[in-house]
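> Following this message is one structure expressed as structure tokens.
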Amino acid sequence: MIEFDAFYFDGRSSARRPVRVRGGPGVLYVVGEGVRLEYPLSQVRVDAPMEVPQRRIALPGGGQLQTSDHAALAALFPGEHALEQSVHAFERRWIRVLAVLALLGAALWWGASDGLPLAAKLLAGWVPQRAEAAMGKGALDAVDRSWCGPTELGAERQGALRADFERAARELPGGISARLALRRCAKIGPNAFALPGGTVVVTDALARLAQNDEQLISVLAHELGHVHGRHSLRLALQSAGAAALVAALLGDAVSLAGIAVALPAALIQAGYSRDLEREADDYALARLAALGIPGERFAEMLALLEHERGGKRAAATSALDYLSTHPASAERIRRIRSGP
Amino acid sequence: MQQQVESGAVVGAPVRAQAQRRYPVVFTASAPEYFRIWIVNLALTVITLGIYSAWAKVRRKRYFYGHTLIDGDGFEYRGNPVAILKGRVVALALLAIYSLAGRLPDLLHWALLATAALALPWLALRSFAFNARNSAWRNVAFRFDGSYRDALIAIVGYGVLVPLSAFLLYPLWKAKTLRFAWRHHGLGTTRFAMPEITGALFWIYIKAAGLVLPLLIVALVVSVSLGWLSVQRPSAASGVAMSVIVGLAMLLAVYLPLFAYVRARTANLVMNGLALGPLRFESRQGAREVAWLYLSNAGAIALTLGLAVPWAVVRAMRYRASRLAVVASGSPAEFAAAESEKVGATGGEVMDLLDFDIGV
């Protein structure tokens, strides 16, 4: 026979009545001033174990018992809430919680550094080419709206660029079709970027900056590396995943979620872009080798770009390199010159 | 356990029943305890790819409800994890539809938006009802009885005015939705009463704007000029990084006090106007205290890579509880007994089938 003190609430009013509860084999007796109740133990429901001041027993007919005698409840209902009992066993011991924390930390570290990129890569394989092309079209429209206008290069120069592009893009694996979009983008300067679906945007300034076709082809090959790896799509998927991960971790701190989520997700994101840049560099070098163009042309082109953008400040960037989406050009040039 | 404070007993007050009793809201949760619950919840959520999150939510809410006590008795959370899981599936589906909507032709896009606008009040109603019915004190559950029509007017009707007025009428919408939500909540059969707060809420936002506008301008000038510098020299990664960092710091410096001020004053405004039968509420949150709370919480979370989240959450809740009290003419036990006699079992299980819970 298990006995404990409790408060009885009949469920019709919030009046609190102190009672003595006795749990015998199969029966629960509730006795107090003006209260004399008896229930089969199988018809009452105890709530799951947890570190709260009071636990509750729901009685048939809407009544309720509240008690702070956790030990008595554990003895009276040994088999109830198996799942929560094991969860509670973990929650109560620091040593177990710390072990769980270590495992969780390792899992999240792996998830953020390798798991998410891997998942994004796999998931990208499932995204139909058509959907990706639609994304790319949307992105190009956005670029045209806010950054760029039609190219001002002469027809002859345009033809030559398209021929260069054809040369670089030949031997892309089936299904991926790359297109060249020439644009005049005064706000962006000399640059090239790959959009989802295989559109490579090249700015007029970049075409003018290149000293020869081979240098230009090396940049195109780099962008085609992004196209080939479906990097834009993977990046979009990765950033969505990173945001979801951080939101899941910090979601509790609701009021600051906006800021708290944005910064770590941005940091993770920056790391991903660096990895993808390197992947595209490696692709470009392999492609250039196949075309019989020395990798040095690529290094020259990067140096030109760096100089054009005010390379004097590049030396100061190393500490903040992790925050930048492009690894500092000096580092990339070194990598390219040292060979793939 | 009874922490009552006699506050209205003026010397020579003729009637004893006129005396007011003040019941502080006692919050007994501890950060180390919640840390352990949080970690186990997180781990199980990761292992089950998110499915356990519904069970985790129930555990979290049970912990905090149970540790929030008035007159010696804690609150009770009765939510069913399966209903919560259902709500999350619906929320995910809505999110997917929303992200797809941008790629649809215009007509379909607008049709979808209109459907969402009509569905939103219904979702809010079901969510309010779910939370109310699953929250109880002394075995008397809360209730929510708002109608779809009223929800549509408050949430969508006034909501439409917000973008149309360039967000100037946001406080109007906020006041209407707050009042709609509170007035249709009740404990047992007793409804909450709430006065019209539109004017007072506008005043809070006006003061906030006056308070922070100069700061905002400074922040804007600094970040824009930094951003401009980095656009001039795009390769200078340090410039981009600096503008990001400074921009965020500025955001924090401006957004936090503004946010804290509005939050604290709004909470006080709502709680101090609220009545539940003979019960009144007393909320005394200080804007500066709340700002410091948010700032220090954010700092702690950032410095510990998120491990301080449980501490921050417990701390914020403890602060709010410490500034809140229930004031009763007579004992709340007497009050509830008289007022909620008619509350019976309302077939909650049947309702659970229709209900789900959206929210964090």
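> Within 10 Å of each Cβ in peptide B:31-37, how many partner chain Cβ atoms are there on average? Round it to a whole number, please. Intermediate values should be presented prior to the final figure.
Working: counts 0, 2, 5, 3, 4, 11, 8.
Per residue, the average neighbour count from other chains is 5.
> Give me the number: length gained by fully extending B:Ala96 to B:Gln20, i.e. 0.36 nm times residue separation minus the C-alpha to C-alpha distance, one decimal in nm.
22.1 nm
> Where in segment A:83-103 does the amide nitrogen come within less than 19 Å of the point 7 Å from the Cα of B:Thr28, taken along Cα to Cβ?
From segment A:83-103, the list is A:92.
> Can you run phi through the Karplus equation (6.51, -1.76, 1.60; θ = phi - 60°) for segment B:125-142 and list ³J(HN,Hα) in whole Hz, with x for Gly and Pro?
These are the phi-based 3J(HN,Hα) values: 4, 5, 5, 4, 4, 4, 5, 5, 5, 9, 10, 9, 9, 6, 6, 10, 7, 6 Hz.
> Taking amide H positions as placed in the peptide plane 1.01 Å from N, state which residues far from B:Gln20 in sequence (5 or more) or on other chains have amide H under 5 Å from it.
B:Ser7, B:Gly8, B:Ala9
> How much length would be gained if the chain were fully extended between A:Glu3 and A:Val127, taking 0.36 nm per residue of separation minus their Cα-Cα distance, in nm to one decimal? Could you put the intermediate results ahead of the total?
Values: separation 124, 0.36 × 124 = 44.64 nm, distance 6.28 nm.
Difference between extended and current length: 38.4 nm.
> I'd like the mean, over residues of A:55-61, of how many other protein chain beta carbons sit within 10 Å of each residue's own Cβ.
Details: counts 3, 6, 0, 2, 1, 0, 2.
Taking all residues of A:55-61 together, the mean is 2.
> Can I ask one more? How many partner chain Cβ atoms sit within 10 Å of a residue's Cβ in peptide B:45-57, on average, as a whole number? Could the numbers behind the result be given before it?
Details: counts 3, 8, 3, 0, 0, 2, 0, 2, 2, 0, 4, 1, 0.
Across the residues of B:45-57, the mean count of other-chain Cβ atoms within 10 Å is 2.
> Compute the relative contact order of segment A:2-77 as a whole-number percentage, counting only Cα pairs closer than 8 Å that sit 6 or more residues apart in sequence. Write down the numbers at each step before the final one.
Working: 138 pairs, mean separation 22.1, N = 76.
Over segment A:2-77, the number comes to 29 percent.
> On to the next question. What is the distance, in nm, between label points placed 7 Å from the Cα along the Cα-to-Cβ direction at A:Ala186 and at A:Arg170?
Those two pseudo-labels are separated by 3.9 nm.
> Please turn the phi angles of segment A:210-221 into ³J(HN,Hα) values with the Karplus equation 6.51 cos²θ - 1.76 cosθ + 1.60 (θ = phi - 60°), one per residue in order, whole Hz, x for glycine and proline.
Using θ = phi - 60°, the values come out as 5, 7, 8, 5, 5, 4, 5, 4, 5, 5, 4, 5 Hz.
> Compute the accessible area of each residue in segment A:13-41 twice, once for its chain alone and once with every protein chain present, using a 1.4 Å probe on heavy atoms, and list those whose area falls by at least 30 Å².
For segment A:13-41, once contacts with the other chains are taken into account, A:Ser13, A:Ser14, A:Arg16 lose 30 Å² or more.
> GluC sites (Glu not before Pro), restricted to segment A:123-176: which are DSSP loop and have at most 12 other Cβ atoms within 10 Å? It would help to have the intermediate numbers written out before the result.
Details: sites: A:Glu132, A:Glu152, A:Glu156, A:Glu166, A:Glu171; in loops: A:Glu152, A:Glu171.
Here the sparse-neighbourhood loop sites are A:Glu152, A:Glu171.
> Take the Cβ-Cβ distance between B:Leu307 and A:Arg208 as r, set R0 to 45 Å, and report the resulting FRET efficiency rounded to the nearest 0.05.
Working: r = 52 Å, r/R0 = 1.16.
Here the calculated transfer efficiency is 0.30.
> State, in square angstrom and to the nearest 100, the accessible area buried between chains B and A, both chains counted, probe radius 1.4 Å. Mind showing how you got there, number by number?
On the way: alone 20730 and 19000 Å², together 34570 Å².
That pair hides around 5200 Å² of surface in total.
> If you average the alpha carbon positions of segment A:187-218 and of segment A:110-130, how far apart do those two centres end up, in angstrom?
Between the Cα centre of segment A:187-218 and that of segment A:110-130, the gap is 27 Å.
> Once you order the gyration tensor axes a ≥ b ≥ c over the Cα atoms, which shape class does segment A:2-77 get: rounded for a/c under 1.5, otherwise prolate or oblate by comparing a/b with b/c? Show your work: numbers first, answer last.
Working: a/c = 1.41, a/b = 1.14, b/c = 1.24.
The shape class here is rounded.
> To the nearest 0.05, how large is the calculated FRET efficiency for B:Ile47 and A:Ala75 if R₀ is 35 Å and r is the Cβ-Cβ distance? Display every interim value, and only then the final one.
Details: r = 31 Å, r/R0 = 0.88.
About 0.70, to the nearest 0.05.
> Could you check the simple spin-label distance between A:Glu308 and A:Val35, using points 7 Å along Cα→Cβ, in nm with one decimal?
If labels sit at A:Glu308 and A:Val35, their model points lie 8.2 nm apart.
> Can you list residues from other chains, or at least 5 along the same chain, whose modelled amide H is less than 5 Å from the amide H of A:Val27?
Those lying under 5 Å, H to H, from A:Val27 are A:Leu41.
> Report ³J(HN,Hα) in whole Hz for each residue of segment B:308-316, in order, from the Karplus equation J = 6.51 cos²θ - 1.76 cosθ + 1.60 where θ = phi - 60°; Gly and Pro get x.
8, 3, x, 4, 4, 5, 4, 5, 5
The values are calculated or read from the model by the stated rules, or taken from the named source; none is laboratory data. What you are looking at is a predicted structure, and each value in this text was computed from that prediction instead of being measured. Every residue, glycine among them, receives a Cβ derived from its backbone with ideal geometry; neighbour counts consider all protein chains shown. To get the accessible areas, we keep the full protein, side chains included, count just its heavy atoms, and leave off ligands, DNA and RNA. Shrake-Rupley method; radii C 1.70, N 1.55, O 1.52, S 1.80 Å.
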